[in-house]
Structures are given as structure tokens and as C-alpha cells.
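Working notes for the structure below.
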Amino acid sequence: MLEAIFNHYNYWLIIFLMMTGLYIVVSRGNLIKKIVGLNIFQTSVFLLYITIGKVNDGTAPILTGKSEIFSNPLPHVLILTAIVVGISTTALGLALVVRIRESYGTIEEEDILVSEGHQTEMELNKIQP
Amino acid sequence: MTNWLHHIPILIVAVPLISAPICILFTFGANRKAAWFWTLLVSWFAFLCSIYLLNHVLENGIISYHLGSWEPPLGIEYRIDLINAFVLLIVSGISAIAIPFGRLVVDKEIEPDRQILFYTTYLLCLTGLLGVTITGDAFNIFVFLEISSLSSYVLIAMGVRSDRRALTAAYNYLILGTVGATFFVIGLGFLYMVTGTLNIMDLSDRLTHLADNKAVHAGYAFIIIGLALKVALFPMHVWLPNSYTYAPSLISIFLAATATKVSIYVLLRFLFKVFGFSFDFIPLTLTFIFLPLAITAIFFGSVGAIYQTNIKRLFAYSSVAQIGYIVMGIALSNTIGLTAAVLHIFNHALIKGAIFMAAGCLVFRVGKLTTYTIRGLGKEMPWTFAALVLAGLSLIGIPTTVGFISKWYLLLGIMENGWWPIIPLIVIGSLLAVVYMWKIIEAAYFFQAPQDRAPVKEVPLELLIPLWVLVGCNFYFGIQTEITIRIAKEAATILLGNSP
């Protein structure tokens, strides 16, 4: 049992990070903390891909004639793309938070919901005498 | 000439992608009209390409295009069979009809200095949706899915006249959409771990021998849940109503008609082509998870729609219900059920496109749309409301409309499986649609206009023509059903067949 954990410690670490990230996204009401959680969640996936690309005793796949065993470079390439996607998502998410803060004056989900409820109610009252 | 035509599979994606940065250049002349015209040209180009591709596939069978002449499975392959040729036609066709409609609406809803960037982002969104549909590489699907999602978050956040609620709607969509896409990538990671390939055809070949592999099962679960989030299948629909309600009208039309449809296509592709029926619990998930969720979606969406006072929100909830019908067709997993699903992907795009276009006309004149503000408008905007009512009839499923055709096939599919108890549920679902459409008809035709509202004029012809073209399509394809049914049937056979 212990052996199974230690031999695959990287996978356990990834699962821990994945669950931490997802839990933060679900449980926190602060919009920035949610994005931090999302980042941790995505990072765990990057690590998952990089882990599966590693071959024991393998080197970088450069043909020098010295080594015969190479690690699989494709997951790294895929994850480079995924990192770019992750960065754009974070940038866009934070930009949205800035705009939300400008127009609501808060980045707490509960306060925003209250303020939105008021706005919708006012609209209905104004037009529905 | 023939050489050029050979490259259409890549051009249909590359041209919108390259024209997006070119579109930004119009900022230097601050030429909004040119940016719009550029988007129009690109949309029409994509539309013509997709017609060519569909024709080609119908006549000569599957097209396989190798990017950079690298042979699959090592290189990326664009693989076009009847199903994705059909979805390509839907996406580019809706875009080609929505953009002519869009100029006046965008002018009214988006601040002038943002309009050029708006069109740029729109082109990126179009690129993403077309790319997801055409590609035969699983990781490529993720990349294009994120291109389309990221640009749609931006487009939704712009909001009708910078409504601040659009920002929170876009934020929630961003969080849930990213979680969904990341689940999809985790699933792909598991599949890659086991098979060592990302090409869809290759994946499905290799997975047939790996039916008992636990990693494949985990990958299946992650991919299906991630895609269900993107499809907005109940109970993962929470991002949808607010996004469609507060988004600019052009974006409501485009996304409601295409975005969820493309995700459903990916779901179909993975369920039936990649995983096939290689292990036992795929039919089990279809019957015991997808079917109950689809039925709940139909009822939750329709009843939710009845209680809405905001018109756009009402139709957003109705979209949740319509996705339920499509997923039910998938859950039946017989040829007729899948025919109904593929048909309804097309038909619902026509219906919701027309309905949100009519809503766009109303926003153009009235601004905020509630069952109160539209009172008495039936007389003041007769053409818009006639179109809305006709599209509503199609939504309900009156014979001679497209809505009837897909519901008819859905019923036939249910009968083939012998699931009789579900039939009354579908009929009740349609009756609920009558109730919420009646709410709008009652407000528009049977109530006096509010005292404090200035008289409203009918919208200009530039908006009415695209609207009526779409409404016309609703009836044309409801009467001339040979083409769509033939394509849908062949698509269903491809999905269920074992041959590639």
C-alpha cells in the first residue's frame, strides 16, 4: 500500500492540487480567489501531462548518438499550448474582475448578487407601476 | 483551379483566423462600416466553402486533409464526413445571415470605439467554432474550443449598452466554461496515456481493444462531464440564461444558434465514434443518466421559461429545454433517435436564430424587454411580431414547421425503443412551450400599450429581411424535408455504424 503511494507520488500530488483548485473555485465567494483556484486546477493538469511524458532514464529527444532512451516530447508541446490558453483565461478573468469592481464596487459574490437583485427589481418597479 | 479547391478544408478555418488581426487595422481609419463589411465577406466566404464541402462529401464521401502534408496519425488531420460538414453549414450559415442583420444592432448597442474590436473578436469566435467542427485531432478540438469560448466570454461581457450584469454573466461563464474545458483535457490526458495517440480515428481504433482499462473509463467520465458543461445540459446549464440575456443581440443570435450545437457535435463524436460501444456502461450512462437529465431539462427549462418576465431570458430557458430534446435523441441511441438529434441541431439553430433575431429587433426599438414593455407592440411592429409568432409556432412544433419534423422523428425513435411512458412527457413539454409563447402573444396583441411610452415604429428593412429569411427557412425546411432528413439519416448511420 505505502509502496503504491510512494512510487506514484507525482500522481497523488496532482490529485491533491486538482482537488484543492476545484474546491477553491466552488467554495470561495471572492472573484479573485476563484481565479486563483482555477489556476491551481489547470496547473495540476499541466503536471499530469508532463508526468505521463517522462520515461525513466530518458533524456531530451536530441539525436546525439550517446543515448537511446528518450522522454516523450509531445505532452510538453501540448502543455505549452494549454499554458497559453490558461494565461489568456486568467488575464481575461482578471480583466473582467476589474470591470466588475468598477461597476459594482465589490468583488464579493454575495454583495454582487444582492446589488444585481436590486437592479432587476428596480427595473421592474420603474416600468411596472 | 482544382488545386485551390483541394485546400478548402484549411481555408475555411484559416481565412477567418487571419482576417481577425486584419480587422483590427480598421481602427486606424476608425472605419466601423469597413470592419463590418470585412466580417460580412469572411462569413460569406466560410458559408460558400461549407456548401462546397457538404456537396463534395455528399457526392464523393469523406474528405481527409493532411495539414502540412504530414500523414495522420502523426500529423494533424482535418476529417470531414457528413456530420461535421452539416454542422459547418449550420455555423457558417447562421453567421452569414446574422452579420447583415448585425450592423444596425451593433451600432446601437456597442460603443463606437469598441465596435471594430467587437467584430475582430466575433471573427475569432467564428474561427473557433468552425475549427472545433472540422478538425480530426482531439487536442486540436480543445484548442479551438478555447478560442471560441474565450472570444465568446469577451463578446458576452460587452453587454447590451454596457449592462453591468453582462460582466458577471461572462465571469460565471468563464469559470464554468474553463472548468468544463479542463475536464475535457484531463480526459484526453488519460486517453493519450493509454493509447499514445490524439487522432480521433486512431483513438477509436485503439480503444476497441482497451475496453477493460480503468484509465479509459476515467477518461470517458471526464470527457463526458466536461462536454456536458459546454453543452449546458441540465443541471450544468447555470451559465446559460444570464449569458444569453445580457449579451449583445448579435451575440445572442449567434451563440444560441451555434455554440451549444457545436459542443453537442463533439459529444456525439466522442460518444459514438471515439468510444463507440466498446464498454458496457456507455449504453448505461445514456439510458440512466442522459435520458433522465434530458427529461428534467425539458421540464425545468420550459417551466422556468413560463416564470420569466424578461423576454430574452425566457427564450434562454427555452434553449435549456430544447437541448433536452436533442440529448434525448442521443440517449435513445437508435438510428431514428440520432436522426432526430442531428435534425434538431439544425432545426433548433433555425428556430432560435429567428427568435433571438426578433428579440434583437425589439431591443433595437424598445431597449429593455419585459412582458410589460412589449405590451401593445403587436400593432406597432406587426412584421417583427408576426415573425416572432411564426418562429414560436416552429418552437412548439406545429406541422409544416421544422420544429414538427424533429419532434416527429424523436417520437418515432422513442416508439422504436418501446419507451412509451416518455411520449406523454414530450407532448406536455410542447404544451408548456405553448404556455410561454402565449405569454408573449398575449402581452403583444391583447394589452394596451403603456401610457408613458412614445409610439414605436417598425424596424427598418435591413433588419426585417434577414429575420424573414430565417423564418422562411423554418417553413421551407419544414415542408421540403428530403435534403435535411437524408443528411441526418446518413449522419446517424455513420455514427452508429462500425465502419469509419
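Every number here is computed from the coordinates shown, using simple stated rules; none is lab data. All figures in this text were calculated on a predicted structure; none of them were measured in a lab. Here the Cβ positions follow ideal geometry from the backbone for every residue, glycine too, while neighbour counts run over all protein chains shown.
Points to keep in mind about this one:
- Cβ-derived FRET efficiency at R0 25 Å, residue B:415 paired with residue B:208, nearest 0.05: 0.20
- Shown here for the range B:414-500: trypsin sites (Lys or Arg not before Pro) in loop regions (DSSP other than H, G, I, E, B) with at most 11 other Cβ atoms within 10 Å, namely B:457.
- All Cα-Cα separations within the range B:280-500 were binned at 5 Å from zero, giving a P(r) of 1, 7, 14, 18, 18, 14, 10, 7, 5, 3, 1, 0, 0, 0, each value a whole percent of the pairs.
- Rounded to the nearest Hz, the phi-derived 3J(HN,Hα) couplings of the range B:470-482 under the Karplus curve 6.51 cos²θ - 1.76 cosθ + 1.60 (θ = phi - 60°) are 5, 4, x, 4, 4, 8, 4, 7, x, 9, 8, 8, 4, where x marks glycine and proline.
- Calculated diffusion of the range B:332-426, Stokes-Einstein form, Kirkwood radius summed over Cα pairs, 10 °C and 1.306 mPa s, µm²/s: 107 µm²/s
- Once the Cα atoms are used to define both axes, helix B:82-109 deviates from the longest principal axis of chain B by about 30 degrees.
- Here the dipole of the protein assembly as shown is about 1140 debye; that uses its Cα centre as origin and unit charges on the Cβ of Lys and Arg (positive) and Asp and Glu (negative).
- Remark: mean inter-chain Cβ contacts per residue of B:159-170 equal 4, using a 10 Å Cβ-Cβ cutoff to other protein chain atoms.
- Taking the C-alpha atoms only, the angle from helix B:422-446 to the longest principal axis of chain B is near 20 degrees.
- Equivalent-ellipsoid semi-axes for the protein assembly as shown (Cα gyration tensor, √(5λ), whole Å, largest first): 39, 28, 25.
- Take each residue of peptide B:180-187, count the partner chain Cβ atoms within 10 Å of its Cβ, and average: the result is 4.
- At least 24 Å along the helix axis (C-alpha) and Kyte average at least 1.0, DSSP helices within chain A: A:9-27, A:31-53, A:74-104
- For the range A:2-127: rounded, prolate or oblate by the Cα gyration tensor [a/c cutoff 1.5]: prolate
- Near residue B:370, the amide H atoms lying under 5 Å from its own belong to B:311; only residues 5 or more places off or on other chains count, and H is placed 1.01 Å from N.
- Dipole-positive endmost among B:438, A:49, B:479 within the protein assembly as shown (Cβ charges, Cα centre): B:438
- Taken along the Cα-to-beta-carbon direction at a fixed 7 Å, the label points for residue B:11 and residue B:34 span 2.4 nm.
- Förster radius 25 Å - calculated FRET efficiency between residue B:462 and residue B:58, Cβ distance, rounded to 0.05: 0.15
- Ranking of B:352, B:33 by neighbouring Cβ atoms within 10 Å, starting from the fewest: B:33, B:352.
- Burial ordering of B:452, B:202, B:137, fewest other beta-carbon atoms within 10 Å first: B:452, B:202, B:137
- Annotation: Cα Rg of the range B:1-158 relative to the compact-globule expectation 2.2 N^0.38 Å equals 1.07.
- For A:88-96, mean number of other protein chain Cβ atoms within 10 Å: 5
- Relative exposure of A:122, A:1, judged by other C-beta atoms within 10 Å (fewest first): A:1, A:122
- Value at 222 nm in deg cm²/dmol, rounded to 500, when DSSP H runs of n ≥ 4 in chain B each add -39,500 (n - 2.57): -25000 deg cm²/dmol
- In degrees, nearest ten, helix B:402-417 long axis to first principal axis of chain B (Cα): 40 degrees
- Fully extended contour minus Cα-Cα distance, from residue A:33 to residue A:119, at 0.36 nm per residue: 28.4 nm
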